[in-house]
Amino acid sequence: MTQLAHFFWKEWVEPGDILIDATCGNGQDLLVLVKLLKGKGQAIGYDIQKEAIDQSHAFLKNQLSQEEFSLVKLRHASHETFEETSAKLIVYNLGYLPRGNKMKTTATDSTLKSVQHACNLIVKGGAVSITCYPGHEEGGREEKALLDYVQKLSPSQWSILYNQWVNRKNSPSLLLLMKQ
Ligand SMILES: C[S@@+](CC[C@H](N)C(=O)[O-])C[C@H]1O[C@@H](n2cnc3c(N)ncnc32)[C@H](O)[C@@H]1O
């Protein structure tokens, strides 16, 4: 699902865009986003864990040129509210950090609030990308709440794609909300 998400991001991102990683973790997805900007725009990462922000900072500083790194902003804050007023792409990789604290997982109420806010920030032609992990209890609740919410979004404003491996039970899914 990560590769599939990256495939779509490549289609959508253009130099100069404002991109947000709402769950930046170790910074792997943020690295992909920054590279797509080709030296122009902004890539902002949010995470509630200070360790995640510090790890992302060190990882990205090591992986990016000085020019590319200048496009990155890291915010040690919850994604329930974004400081930005618009964005081309907002991405979520829900759940907890691999090998990290499983108690610091994303949670249904705050994720839903965040995605509702994200939908208001996205410009026309932009998208929200959400990788869900229904294999754990809170992840299952989160995916269900998100599906309930997105199914009610206006079809004249949104095209919504739900990707799932049909032969793998409880495997990750990818929800793509494209604004027209
Ligand atoms: C699966 S990890 C993200 C992996 C990351 N995208 C990467 O490429 O390494 C989920 C992250 O969401 C963070 N998180 C949980 N609740 C959050 C919230 N309310 N706001 C922002 N980040 C949150 C966790 O701390 C964790 O680092």
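Throughout, read-outs are computed from the coordinates displayed, never taken from laboratory work. Since this is a predicted model, take the numbers as computed values, not measurements. Methodologically, a virtual Cβ is constructed for each residue, glycine included, from the backbone with ideal geometry; neighbour enumeration extends over all protein chains shown.
Listing for the model above:
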read-out	value
Packing-based order for 142-151, 129-138, using average beta carbon neighbours within 10 Å, highest first	129-138, 142-151
Charge dipole (debye, nearest 20) of the range 1-120; +1 at Cβ of Lys and Arg, -1 at Cβ of Asp and Glu	220
Ratio Rg/Rh, restricted to the chain and using Cα atoms, in which Rh is the Kirkwood radius	0.94
Beta bridge orientation in the range 19-174: antiparallel %, DSSP, nearest 5	20
At q = 0.19, 0.25, 0.30, 0.31 Å⁻¹, base-10 log of I(q)/I(0) for the range 26-71 (Debye sum, equal scatterers on each alpha carbon)	-0.52, -0.86, -1.16, -1.22
Hz values of 3J(HN,Hα) by residue in the range 61-70 - Karplus curve (6.51, -1.76, 1.60), Gly and Pro given as x	4, 6, 8, 10, 6, 4, 5, 5, 5, 5
For the range 127-138, Karplus couplings with θ = phi - 60° (6.51, -1.76, 1.60), whole Hz, Gly/Pro x	7, 10, 10, 10, 9, 10, 10, x, x, 10, 4, 5
Amide proton proximity set for Leu74, modelled H, under 5 Å, gap of 5+	Gly45
Lys102 versus Val166: modelled label distance in nm, points set 7 Å from Cα along the beta carbon direction	3.2
Volume per residue that the Cα convex hull of the range 65-122 spans, once the total is divided by residue count, Å³	116
